[in-house]
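Colleague: Handing you a structure now.
Each value in this text was obtained by applying a stated rule to the coordinates, not by laboratory testing. Worth saying up front: this structure is predicted, and the values here are computed from it rather than measured. Glycine also receives a Cβ, built like all others from the backbone with ideal geometry; neighbour counts cover every protein chain displayed.
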Amino acid sequence: MAPKSRRESLAPLSAGENLISAKLRAHILMLAGSIGARSLTSNPAGLEKAAQYIDYCLSEYNYTRSQQDFMAHVSTSVGGAGNTTVMNKVCTRNLIAEVKGKKNPQEIIVLGAHYDSVYDCPAANDNGSGVASLLELARLLSKFESDRTIRFVAFTNEEPPFFGTEDWGAQQYAAVCHERAEKVIAMLSLETMGYYSDVAGSQSFPHDVFGLVYPKQGDFIAFVSNMKSRRLLNRFTKLFRSATPFPCEKVAVPESIRGVAYSDHAAFWKYDYPALMITDTAFYRYPHYHTKEDTPEKVDYDSLARVVFGIAEVVKQISNS
């Protein structure tokens, strides 16, 4: 018999979760449908439209908003194929919204998601789902009185050719946090979060040994950290399981394992900030990863709504305890 999905036993969505689901859908339809590809190299106009949309959505709430502008290197062919490649500097930006903590404002929780896409991909799941979740978390926490400072950051330039370079948006931002000697107590990277499958064998892993411990069907959200961040990982997982029955799995492993450091949290690890990635495991589960088939109808909005609700509750706990 095929293993039963743990999602099958969940109660129907609450009214609040239904609203989250609807708003997530609207955001992803805008990002991956109306706007489409969002890349400084292949579609800079789309990237700018996405930035404007994100800033507009954040402006609806009572946050202090700012942006981090920086120059990134973009190569351009001159004279057609096979001719000279010229490297130009192009301005791009991270978008930030913040609410200062009431009691411990020096202690900062960063929620981040990259808003760019890989090349000409519509990128509904990678990373429209992360951006939509970021915007919904901003809405859900907009009236919450936090003891600690909460920041929402939409990062540019996570995808190739920028990832791991000085032109990577999260690297630019984490470096500034370090230079300011800011006390980031938790960084949560919202990365490719919207695809779930009850099919046996739908979940793969970087090594067969993981299959002895974790489910072989992709019906869960994963929390991933390096070894230094495992205290945050354990606390986050415990609080998430108290907030929602949605299935989740956690893993703290070396950064060298493929995929563990493949998002914006890795930039914060460089400066020893505790950080984790919240993900559906991307290419270990999602068959449309980095393709033109990464479209809005592939996203499971109701499951993502449950995850976002759980994250919001965890952030409230971490913020005030």
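Colleague: Using the count of nearby Cβ atoms within 10 Å as a rough guide to exposure, how do Tyr56, Tyr301 rank from fewest to most? Before the final figure, lay out the partial values.
Modeller: Working: Tyr56 9, Tyr301 21.
The most exposed by this proxy come first: Tyr56, Tyr301.
Colleague: For the chain, what is the mean residue ellipticity at 222 nm derived from helices alone (per DSSP H run of n ≥ 4: -39500 (n - 2.57); sum divided by total residues; nearest 500 deg cm²/dmol)?
Modeller: Rounded to the nearest 500, it is -8500 deg cm²/dmol.
Colleague: In debye, nearest 20, what is the charge dipole magnitude of segment 145-230 about its Cα centre with +1 on Lys and Arg Cβ and -1 on Asp and Glu Cβ, if you could check? Write down the numbers at each step before the final one.
Modeller: Values: 7 positive and 12 negative charges, 71 e Å.
Around 340 debye, computed over segment 145-230.
Colleague: Just want to confirm a number: the relative contact order over the chain, from Cα pairs under 8 angstrom separated by 6+ residues, in percent.
Modeller: Values: 663 pairs, mean separation 73.1, N = 321.
Averaging sequence separation for qualifying contacts and normalising by length gives 23 percent for the chain.
Colleague: Another question, then. Sort Ser202, Ser146 so the one with the fewest other Cβ atoms within 10 Å of its own Cβ comes first. Before the final figure, lay out the partial values.
Modeller: Values: Ser202 18, Ser146 21.
By the 10 Å Cβ count, ascending: Ser202, Ser146.
Colleague: Which percent, to the nearest 5, of DSSP beta bridges fully inside the chain are antiparallel? The partial results should precede the final answer.
Modeller: Values: 24 of 47 bridges.
Around 50 percent antiparallel, to the nearest 5.
Colleague: Would you kindly state how much longer the chain becomes between Arg241 and Ala22 on full extension, computed as 0.36 nm times their sequence separation minus their alpha carbon distance, in nm to one decimal? Walk me through the numbers before you get to the answer.
Modeller: Details: separation 219, 0.36 × 219 = 78.84 nm, distance 2.35 nm.
Going from the current span to full extension adds 76.5 nm.
Colleague: Here is a further query. Give the separation of the Cα centroids, segment 252-321 to segment 1-46, in Å.
Modeller: Spelled out, the Cα-based centre of one part sits 13 Å from the other.
Colleague: Here's something else I'd like to know. Tell me, what is the FRET efficiency for Ser14 and Glu255 to the nearest 0.05, using R0 = 41 angstrom and their Cβ-Cβ distance as r? Walk me through the numbers on the way to the answer.
Modeller: Numbers: r = 37 Å, r/R0 = 0.91.
Once the sixth-power term is evaluated, E becomes 0.65.
Colleague: Under the classification rounded if a/c is under 1.5, otherwise prolate if a/b is larger than b/c and oblate if not, where does the chain fall, given a ≥ b ≥ c as square roots of the Cα gyration tensor eigenvalues?
Modeller: Numbers: a/c = 1.43, a/b = 1.17, b/c = 1.22.
Judged from the Cα gyration tensor, the chain comes out rounded (a/c under 1.5).
Colleague: Is there a quick way to get the dipole size of the chain? I mean about its Cα centre, with the Cβ of Lys and Arg at +1 and of Asp and Glu at -1; what is the value in debye to the nearest 20? Walk me through the numbers on the way to the answer.
Modeller: Details: 34 positive and 35 negative charges, 198 e Å.
Charge dipole, the chain, about its Cα centre: 960 debye, nearest 20.
Colleague: Distance check, please: which entries in Lys250/Lys292; Lys49/Lys143; Lys49/Lys298; Lys102/Lys250; Lys270/Lys316; Lys238/Lys270 exceed 24 angstrom between their Cα atoms? Show your work: numbers first, answer last.
Modeller: Working: Lys250/Lys292 30 Å; Lys49/Lys143 27 Å; Lys49/Lys298 22 Å; Lys102/Lys250 31 Å; Lys270/Lys316 26 Å; Lys238/Lys270 26 Å.
With Cα atoms farther than 24 Å apart: Lys250/Lys292; Lys49/Lys143; Lys102/Lys250; Lys270/Lys316; Lys238/Lys270.
Colleague: Round to the nearest 0.05 the FRET efficiency obtained for Val176 and Lys216 when R0 = 45 Å and r is the Cβ-Cβ distance.
Modeller: Details: r = 41 Å, r/R0 = 0.92.
It comes to 0.60.
Colleague: Further question on the same structure: Can you sort Ile278, Ile54, Ile185 by how many other beta carbons sit within 10 Å, fewest first? Write down the numbers at each step before the final one.
Modeller: Values: Ile278 28, Ile54 23, Ile185 18.
Least crowded to most crowded, the residues run Ile185, Ile54, Ile278.
Colleague: Quick check: residue separation of Asp69 and Phe144 times 0.36 nm, minus the Cα distance between them. What number comes out in nm?
Modeller: Working: separation 75, 0.36 × 75 = 27.00 nm, distance 2.87 nm.
My answer for the length gained is 24.1 nm.
Colleague: Related question: Mean 1/r over all different Cα pairs, inverted: what Kirkwood radius does segment 1-145 give, in Å?
Modeller: Working: mean 1/r = 0.0565 Å⁻¹.
It works out to 17.7 Å.
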